[in-house]
1. Please give the number of the condition residue 31 fails out of (1) modelled with pLDDT of 90 or more; (2) surrounded by 13 or more Cβ atoms within 10 Å (Cβ to Cβ); (3) over 24 Å from residue 85 (Cβ atoms).
2. Considering only the range 4-28, how many residues are surrounded by fewer than 10 Cβ atoms within 10 Å (Cβ to Cβ) and at pLDDT 90 or above?
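The values are calculated or read from the model by the stated rules, or taken from the named source; none is laboratory data. Computed from a predicted structure; not experimentally measured. Note: ideal-geometry Cβ built from the backbone for every residue, glycine included; neighbour counts use all protein chains shown.
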């Protein structure tokens with residue numbers, strides 16, 4: 001039996017985008033759990049790039065200025081967390 005499709009309002013999509021950002025889930029996983037079309041979600045997410053969650057995340061950045069690593073230093077270890085458990089690690093020394 002097919003499920004009846006109901007069109008969501010702009011406010012509903014914004015609410016869903018913010019819920020996904022607060023959930024800690026990837027967009028794909030959030031859509032799967034909430035039975036939302038992933039492509040539609042991504043299109044709507046692009047319409048709300050300055051949501052409150054985005055502003056908070058930018059203001060709480062873990063930015064590290066790599067100029068603090070002295071050029072002559074032979075030892076360094078840098079790990080970049082890319083999300084969804086993926087990390088890029090750079091080591092020297």
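1. Only one criterion is unmet by residue 31, namely (3).
2. Total satisfying the criteria: 2.
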